[in-house]
Amino acid sequence: MKLCFATNNEHKLEEVRQILGDRFQILSLKDIGFEGELPETHETLEENSFEKAEYLFERFQIPIFSDDSGLEVHSLNGRPGVHTAYYAGDRNASKNMAKVLEELAEHTDRSAQFRAVVTFIDTNGHHQFEGIIEGQIAPEMTGEDGFGYDPIFLPEGYNKTFAQLSAEVKNTMSHRKRSVEKLAQFLKALN
Ligand code: IMP
């Protein structure tokens, strides 16, 4: 089955292809001939995830899924949350992480979660799937792999950040894995 993954984030695309690639043919936006930014105008992951998928489905009428994701730090009342990508003002991961580390300096509770909301749309309607990985914010940025906030996120049960763990290990447990795996099970049950 062919599915288009509605993202301009090459890292997310690579992760999703690693997770689902043996079961589905994952088309990129480039593959379907879409260029440009996807709208993200809302204040929740759920609404933005739906908005991105709907925007493309209206234009291409093929099965589409999107991912809107964010880091939710409990001591910061869930911030950066829906503002994760631009938390320090622009899409600069180092600046974004520095802002979180600075804001957390006065807190002892460093627990956090990554949350992804996947929206799947086809001619039958839409469905959403949530994936969460709990963890802790590390004292400093560590590790070279991954993307975004990976260097400061210690997933539960590990004393290494996502950026120190291999993609294979991250993809067994990440919020993205947990959300797209639910999508895969949903699609399997349909067939
Ligand atoms: P959006 O879903 O494209 O609006 O942005 C999500 C942002 O959350 C990304 O730009 C990253 O900064 C961050 N993010 C989402 N998933 C991950 C992940 O798996 N590792 C690190 N950062 C992530």
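Name the single residue that is least open to solvent (accessible area, probe 1.4 Å) among those in region 53-76 being among the small types (Gly, Ala, Ser) and without any contact (Cβ under 8 Å) to a residue 60 or more places away in the chain.
The initial filter retains those residues of region 53-76 that are among the small types (Gly, Ala, Ser), namely 53, 66, 69-70, 75.
Those left that are additionally without any contact (Cβ under 8 Å) to a residue 60 or more places away in the chain: 70, 75.
On the way: 70: 3, 75: 28 Å².
Filtering first and then ranking leaves 70.
When only residues in region 72-81 that are within 25 Å of residue 181 (Cβ to Cβ) and part of a helix (DSSP H, G or I) count, which is nearest to the chain's Cα centre (by Cα)?
Here the residue is 81.
What do you reckon, is residue 36 in a loop (DSSP other than H, G, I, E, B) and in contact with an Asp or Glu (Cβ under 8 Å, 6 or more places away or on another chain)? Walk me through it before giving the result.
On the way: in a loop (DSSP other than H, G, I, E, B): yes; in contact with an Asp or Glu (Cβ under 8 Å, 6 or more places away or on another chain): no.
Taking the combined requirement at face value, the residue does not satisfy it.
Restricting to region 81-128, give me the number of residues that are acidic (Asp, Glu), away from the ligand (no atom under 14 Å from the Cβ) and open to solvent by 60 Å² or more (accessible area, probe 1.4 Å).
Total satisfying the criteria: 3.
Which condition breaks for residue 180 when tested against (1) within 13 Å of the ligand (Cβ to nearest atom); (2) more than 25 Å from residue 55 (Cβ to Cβ); (3) in contact with a Gly (Cβ under 9 Å, 6 or more places away or on another chain)?
(2)
Would you check if there is a residue in region 43-56 being of a type in the set (S, T, N, Q) and in a loop (DSSP other than H, G, I, E, B)?
Yes: region 43-56 contains one or more residues that are of a type in the set (S, T, N, Q) and in a loop (DSSP other than H, G, I, E, B).
Among what's in region 57-71 and is more than 14 Å from residue 96 (Cβ to Cβ) and under 18 Å from the mean Cα position of the chain (by Cα), pick the residue that is nearest to the ligand (Cβ to nearest atom).
Applying the filter and picking the extreme gives 68.
Which of the residues spanning region 10-47 are in contact (Cβ under 8 Å) with a residue 60 or more places away in the chain and crowded, with 17+ Cβ neighbours inside 10 Å?
12, 15, 16, 19, 20, 24, 45
Would you call residue 50 surrounded by fewer than 23 Cβ atoms within 10 Å (Cβ to Cβ), touching a Ser or Thr at 6+ places or on another chain (Cβ under 9 Å) and at pLDDT 95 or above?
Yes: the conditions hold for residue 50.
Sort out which residues of region 137-191 are farther than 21 Å from residue 67 by Cβ and crowded, with 20+ Cβ neighbours inside 10 Å, and write them in order of number.
Passing the criteria: 137, 138, 154.
The values are calculated or read from the model by the stated rules, or taken from the named source; none is laboratory data. No experiment lies behind these values; they were computed from the predicted model shown. Cβ coordinates were reconstructed from backbone atoms using ideal geometry, including for glycine residues, and neighbour counts include every protein chain displayed. Side chains are part of the model used for accessible areas, which takes the heavy atoms of the whole protein and leaves out ligands, DNA and RNA. Shrake-Rupley method; radii C 1.70, N 1.55, O 1.52, S 1.80 Å.
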